[in-house]
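The values are calculated or read from the model by the stated rules, or taken from the named source; none is laboratory data. Computed from a predicted model, the values in this text were never measured in an experiment. Glycine gets a Cβ as well: all are built from the backbone with ideal geometry, and neighbour counts include every protein chain shown.
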């Protein structure tokens, strides 16, 4: 009987681990991949689905299809809710039990509202395709509602978009919202001018893209301003409700009316971290991530490895201090390859090796012609911003997209959007926000540019 | 003050009416277009979204964008729930009131379960993008559930797909399901063979595609059989529940287990028909369609016109018996143009003209390389089926798709699907059917091809 490797989660980490285990250099194992959804998601471009630039199938690939030719891989749609580290059994939500010889947990992260879960209803985050559709619905719905609103103050609240958190996702969302308001929608409304929409990016810390070098953060802030995004640094969010936000600033509390708040501030590890902590008695860090041994295994449980955003992992270079691995897709992929290699070593009776993160750099896009790039090269850091950084970002992302067809379709959509400013996926299945369908007192709405005769 | 034309519904009829009123030959009017969704849907290809061949944005265009350059057109997202024919006011669900000088009601149709609305939960129909996503979820989810099911009978029920109604939509759905089971999915599952899926097309009448000439119906039946679809004619559905269908056949009642039933049998006019009947005292036919005067107006209400699937309209050719207009997109478009022309005539003080339907023919696709075409030409009827009919169908549909970009993307997706048998949109946002996530007694599931060691 061949050993059975169970991989929980098919994001960048889980996919890479499965591939490394079943490739030509692969181990002689059976692999089961369990994921809550039927697709692997290219998360770096998810904000494009949320902002109607790409359709969902362009950045998502059916997991089964990815493993079609790997006959030793079984794909299961399901959610792992319990793990028994001693009996080596994982239990799915529907009661199915999976026995494993080696377990790789790559369940990723979700958004965190810092204990204020009631904010979720008013400020959706962006982790899944469902999240992206919800954001698309709210953003486009806000312009629709503004077109229908007669009261100037209420109209302004519909046209005030607030993105909370100025990490890569927040910066991308804010920059793209500005592009939609300034370039995509003008001309399509008769009673509002979409260019009057205000896009605010609220950040608790002192700069945007805090993981970037300070100079690139400053460039990013300038580029955001040039796109029409108002950046508010050192500003904490103290409350969110259906009508807007409460902010804490150096000048005291402030109220910001907004009907469309997007959350890009907090990340929390998957609840599977807590499940692991209970069964394997391991430690979690403040974000709920699992503290792993240098070889990515759970301390005392060499057959369980935790990788990707769920792991609080360090990069180990001989002779240097261990450094935390950033929560980016190259980190998850490298951990996936390391976990697979360590399972092969265990099967051969060899010692496992510590994880070592190769940092190829950091890039973030801001909007049309705007991005910042920070590359580590043998000759030292290479940092640039602006048009060439944007081109670099664009081709790097298309290159890493999975599937030839998807790459081609995304390039095509982007070329179209570039030349026409059109966003091809501005389609919202089903209804729009409740405000547009709820019953309310009768009032007259003008048709055409002028109110028609009564 | 220019006259205000209110158009309710932006399907083929409403869109064509609005375009005819605002083009170069347009009348000097203000136009308001109200629709429940933010997009015009190219319904003839909706089955491709349901069966994961196309992404939603490929066949849907934002209504606002379509009227971007027509400054006299206002687009409103909303649902008309009341009409006052005397006061000339339409009321939206949120209470907004619209006064109109001329009203065109093009609210279309929905599916009908012949009074058995409880079937809707078990057999979704296909009219909207939401419907298409629901069908995509159920079809792909059934294969996922079959892969997880150990009991042979229950597994067979997951792999038995039943399409009710053998009109164009039912034939397209059944043919495409067969293609998915035979060509797209094989190789991706480890415990089931998707080719063992049974696709049944159940029809109460004596032939498929009843609106086609008898010879083409027979060809279509043969082509369906060649694709692997079992066609059951003269078979009535007497019950549908979560586990399958009850059928009434010549041999007596029969039970058909199935976990995925699709409804393509009944069409009912929009509920706005009843609203019109109350305010304007007009007659409805058995399907709830509004019986209109020869010029498409409501009898006694020359300022109200009803077009498209909501209208029980006739084609009037001098010297011949009036003939009913079929419920196809060319009919709706021609009615839209006629309604616009009659409004222009009314504004000039001229008499309106009766609607005359130009029948260019009828085509239906069945699956790869399979279609039937029935063209009316000046030289007589031109009827053909098979490969060239399929090519004809394909290019005719791409030609009529709205927007250059969409045409190109659809052609690209089709070319890709043709060569690879892949279906690019096999992505289901969010969860799968409840059966896959509901809690149930614990049981063991094998990983890999063989059950792993206990």
Checklist (1) in a loop (DSSP other than H, G, I, E, B); (2) buried (at least 22 other Cβ atoms within 10 Å of the Cβ) applied to residue A:71, failing item:
(2)
Residues that are within 30 Å of residue A:218 (Cα to Cα) and touching a residue at least 24 places away in the same chain (Cβ under 8 Å): does the stretch A:337-352 have at least one?
no
Kindly list the number of the only condition in (1) crowded, with 17+ Cβ neighbours inside 10 Å; (2) farther than 21 Å from residue B:240 by Cβ; (3) touching a strand residue (DSSP E or B) at 6+ places or on another chain (Cβ under 7 Å) that fails for residue B:94.
(3)
Strands (runs of 3 or more DSSP E) wholly inside the stretch B:77-186 containing at least 1 residues that are farther than 30 Å from residue B:248 by Cα and more than 11 Å from chain A (Cβ to nearest Cβ):
B:80-84, B:102-105
Can you tell which of A:262, A:256, A:245 is surrounded by fewer than 23 Cβ atoms within 10 Å (Cβ to Cβ), in contact (Cβ under 8 Å) with a residue 12 or more places away in the chain and under 12 Å from residue A:162 (Cα atoms)?
A:256
Selection within the stretch A:327-354 - farther than 13 Å from residue A:295 by Cα and in contact with a strand residue (DSSP E or B) (Cβ under 8 Å, 6 or more places away or on another chain)
A:327, A:328
Could you tell me whether any residue of the stretch B:199-217 is assigned to a helix (DSSP H, G or I), touching a strand residue (DSSP E or B) at 6+ places or on another chain (Cβ under 8 Å), in contact (Cβ under 8 Å) with a residue 40 or more places away in the chain and crowded, with 23+ Cβ neighbours inside 10 Å?
yes
Quickly run through the stretch A:276-294 and pick out the residues that are modelled with pLDDT of 95 or more and surrounded by 20 or more Cβ atoms within 10 Å (Cβ to Cβ).
A:276, A:289, A:290, A:292
Restricting attention to the stretch A:221-236, report how many residues are in a helix (DSSP H, G or I), under 25 Å from residue A:251 (Cα atoms) and touching a strand residue (DSSP E or B) at 6+ places or on another chain (Cβ under 8 Å).
3
So, of the residues in the stretch A:44-65 that are under 27 Å from residue A:275 (Cβ atoms) and in contact with a helix residue (DSSP H, G or I) (Cβ under 7 Å, 6 or more places away or on another chain), which turns out to be surrounded by the fewest Cβ atoms within 10 Å (Cβ to Cβ)?
A:46
